[in-house]
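Throughout, read-outs are computed from the coordinates displayed, never taken from laboratory work. Note that the structure is predicted; figures quoted are calculated from it, not measured. Cβ placement follows ideal geometry from the backbone for every residue including glycine, while neighbour counts extend to all protein chains displayed.
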Amino acid sequence: MFYIGFTSAPRVDEEGWRYASGGLELGNDADSFSADLTAWTIQDYEKQWREGVARLAAGRSSSALITSYAGPDAGFHSMWPMWKIGDQVVFHEHLVPNEVIAQSDVIGSFYAAVGERRTRSEDGEAISEWLVPFAEVLSYLATE
């Protein structure tokens with residue numbers, strides 16, 4: 001099973017932060033996220049997710065799903081890099097420092113930040129990863 005989407009309408013917390021809650025299903029596992037709505041709208045995220053999956057469908061070996069982009073003044077952003085390996089897609093969760101995001105090409109900067117798939121951190125620790133059949137990831141494009 002593969003799914004990414006919003007589980008709430010836009011919200012504002014007590015400190016004035018505007019966000020929306022979302023969820024990601026990767027096989028039998030699920031994770032939630034809070035997408036910052038300072039710079040992007042819900043529709044901006046949904047458009048990028050479709051583009052991210054479409055890149056794999058078009059033959060790219062890697063792509064990303066951006067789950068929080070907080071604009072040029074943020075310290076970091078979050079994404080789920082994806083690598084197509086055979087008939088599977090491998091996912092990692094990743095924080096992206098703002099300094100690697102070029103404001104002239106925000107989405108392209110995220111894709112460039114994906115890099116090569118690594119299974120170990122710089123400290124030698126195993127990196128958590130999730131595998132989902134490519135066909136299930138592609139089925140996301142058929143929704144809506």
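Among residues other than Phe2 with Cβ under 9 Å from its Cβ, the summed charge is -2 (Lys and Arg +1, Asp and Glu -1). Summing +1 for each Lys or Arg and -1 for each Asp or Glu among the other residues whose beta-carbon sits under 15 angstrom from that of Gly59 gives +1. In order along region 13-26, the Karplus-derived 3J(HN,Hα) couplings, from 6.51 cos²θ - 1.76 cosθ + 1.60 at θ = phi - 60°, round to 7, 5, 9, x, 6, 9, 7, 9, 7, x, x, 9, 10, 10 Hz, and Gly and Pro are given as x. Above 20 Å, the calculated P(r) of the chain contains 46 percent of its Cα-Cα pairs.
Loop-located trypsin sites (Lys or Arg not before Pro) across region 71-133 with a Cβ neighbour count of 14 or fewer within 10 Å are Arg118, with loop assigned by DSSP. Amide H to amide H, with H built 1.01 Å from N, Ser8 comes under 5 Å of Ser21, counting only residues 5 or more places away or on other chains.
Within the shell of other residues whose beta carbon sits under 15 angstrom from the beta carbon of Asn98, the net charge comes to -4, with Lys and Arg scored +1 and Asp and Glu -1. Subtracting the Cα-Cα distance of Thr143 and Ala102 from their residue separation scaled by 0.36 nm leaves 11.7 nm. The GluC sites (Glu not before Pro) of region 1-102 that meet both conditions, a loop assignment by DSSP and at most 13 other Cβ atoms within 10 Å of the site Cβ, are Glu14, Glu15. Extending 7 Å from Cα along the Cβ direction at Lys47 and again at Ser61 yields two label points whose distance is 3.0 nm. Modelled spin labels at Arg117 and Arg11, positioned 7 Å past Cα toward Cβ, are 3.4 nm from each other.
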